[in-house]
Amino acid sequence: MPQNIFILTGAGISAESGLGTFRDKRGEGIWARFDPMKLATPEAFARDPEAVLAFYDLRRRNLRDAKPNAAHFALARLEHALARRGETLTLVTQNIDDLHERTGSASVIHMHGELLKARCERCEALRPWLDDLTISDVCPDCGRAGTMRPHVVWFGEMPLGMDLIDRALREADLFVAIGASGAVYPAAGFVAEARAYGLRTCEINLEAADNADLFDEQRLGSASGTVPAWVEELVGP
Ligand SMILES: [Zn+2]
């Protein structure tokens with residue numbers, strides 16, 4: 001029977017690529033060292049845009065040095081193998097990095113935005129942005145200065161692609177969360193929605209998520225080990 005798989009990835013899939021997670025149980029995540037209310041809200045950007053931009057500049061530079069790991073490669077392979085069988089993969093990520101794209105995943109839904117894009121607050125122009133972002137940068141569309149911001153979803157803002165995500169969940173047979181903390185809504189609520197729609201649910205994680213009891217199946221271990229093994233079970237070597 002053909003199957004449609006819905007995968008949600010979180011920071012845990014990129015941790016082995018050198019990108020820090022936001023929250024972890026040891027209290028070593030990015031938000032243990034930086035105050036999200038001072039760096040990742042629209043109010044913070046209005047109050048101190050230079051501090052907010054500097055934080056994302058640093059993260060953009062880190063991303064340039066990061067390399068996708070075996071888990072990213074395995075998910076790209078899964079997408080193409082399913083397509084050959086007439087099956088589909090919906091890949092939704094909470095990550096703002098581009099590591100899925102770099103390994104060939106074709107249509108990633110970035111529900112929390114993308115670090116390598118900038119958006120104009122005035123005219124909504126959206127552009128690839130690989131360099132530092134400053135308050136004197138000028139919008140390429142409307143020509144105003146100081147209006148370009150990272151294309152990332154801040155606390156208090158609506159995640160992106162929620163209609164698409166809900167439709168894909170309804171049409172899927174299997175829901176898999178990979179490296180997601182289970183602590184950040186609305187993504188942490190997807191597993192409950194998936195269960196309500198009758199999907200089987202599986203968690204692949206380094207350590208059990210906050211919502212681990214909602215999953216039918218659990219595979220614990222490093223993403224670079226567990227994800228390729230799971231993909232091989234599904235579509236062969
Ligand atoms: Zn503009």
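Can you list residue pairs whose Cβ atoms sit under 7 Å apart, with the first residue in the stretch 152-178 being within 17 Å of S107 (Cβ to Cβ) and the second being among the charged types (D, E, K, R) and surrounded by fewer than 19 Cβ atoms within 10 Å (Cβ to Cβ)? Count only pairs 6 or more apart in sequence or on different chains.
Listed by first residue and then by second, the contacts come to L169/E193.
Among the residues of the stretch 169-196 satisfying the criterion of being of a type in the set (V, I, T) and in contact with a Ser or Thr (Cβ under 6 Å, 6 or more places away or on another chain), which is surrounded by the fewest Cβ atoms within 10 Å (Cβ to Cβ)?
I178
Looking at the stretch 138-168, which of its residues are within 16 Å of the ligand (Cβ to nearest atom) and either buried (at least 18 other Cβ atoms within 10 Å of the Cβ) or in a strand (DSSP E or B) (or both)? Show your work before the answer.
Within the stretch 138-168, the subset within 16 Å of the ligand (Cβ to nearest atom) is 138-151.
Of everything in the stretch 138-168, those that are within 16 Å of the ligand (Cβ to nearest atom) and either buried (at least 18 other Cβ atoms within 10 Å of the Cβ) or in a strand (DSSP E or B) (or both) turn out to be V138, C139, A145, T147, M148, R149, P150, H151.
Keeping to the stretch 123-137, report how many residues are part of a loop (DSSP other than H, G, I, E, B) and either out of contact with any strand residue (DSSP E or B) (no Cβ under 9 Å at 6 or more places or on another chain) or not aliphatic (A, V, I, L, M) (or both).
8
Kindly indicate the residue of the stretch 169-193 that is hydrophobic (A, V, I, L, M, F, W, C) and part of a loop (DSSP other than H, G, I, E, B) and also nearest to the ligand (Cβ to nearest atom) among those meeting that condition.
It comes out as V184.
Could you check the stretch 17-102 for helices (runs of 4 or more DSSP H) lying wholly inside it with 2 or more residues that are surrounded by 15 or more Cβ atoms within 10 Å (Cβ to Cβ), at pLDDT 95 or above and within 17 Å of the chain's Cα centre (by Cα)?
70-84, 99-102
Pairs only if they're at least six apart or on different chains, beta carbon under 7 angstrom, first in the stretch 214-237 and touching a residue at least 60 places away in the same chain (Cβ under 8 Å), second acidic (D, E) and surrounded by 15 or more Cβ atoms within 10 Å (Cβ to Cβ); list them, first residue then second.
Close Cβ pairs (under 7 Å, with a partner that is acidic (D, E) and surrounded by 15 or more Cβ atoms within 10 Å (Cβ to Cβ)) amount to S222/E16; A223/E16; S224/E16.
Please work out which residue is nearest to A168 (Cα to Cα), limiting yourself to the stretch 111-122 and to residues that are away from the ligand (no atom under 15 Å from the Cβ) and assigned to a loop (DSSP other than H, G, I, E, B).
Restricting to residues being away from the ligand (no atom under 15 Å from the Cβ) and assigned to a loop (DSSP other than H, G, I, E, B), the top hit is M111.
Regarding the stretch 207-215, can at least one residue be identified that is over 15 Å from G10 (Cα atoms), out of contact with any Leu (no Cβ under 7 Å at 6 or more places or on another chain) and either outside the structural domain of T93 (by TED's automatic domain parsing) or surrounded by 14 or more Cβ atoms within 10 Å (Cβ to Cβ) (or both)? If you could, list the steps in order and put the result at the bottom.
So the first thing to find is which residues in the stretch 207-215 are over 15 Å from G10 (Cα atoms), and the list is 213-215.
If we keep only those that are out of contact with any Leu (no Cβ under 7 Å at 6 or more places or on another chain) too, we end up with 213-215.
Cutting the leftovers down to either outside the structural domain of T93 (by TED's automatic domain parsing) or surrounded by 14 or more Cβ atoms within 10 Å (Cβ to Cβ) (or both) gives us 214-215.
Within the stretch 207-215 (the criterion being over 15 Å from G10 (Cα atoms), out of contact with any Leu (no Cβ under 7 Å at 6 or more places or on another chain) and either outside the structural domain of T93 (by TED's automatic domain parsing) or surrounded by 14 or more Cβ atoms within 10 Å (Cβ to Cβ) (or both)), the answer is yes, since at least one residue qualifies.
The values are calculated or read from the model by the stated rules, or taken from the named source; none is laboratory data. This structure is a prediction, so every number in the text was calculated from the model and none was measured. Every residue, glycine among them, receives a Cβ derived from its backbone with ideal geometry; neighbour counts consider all protein chains shown.
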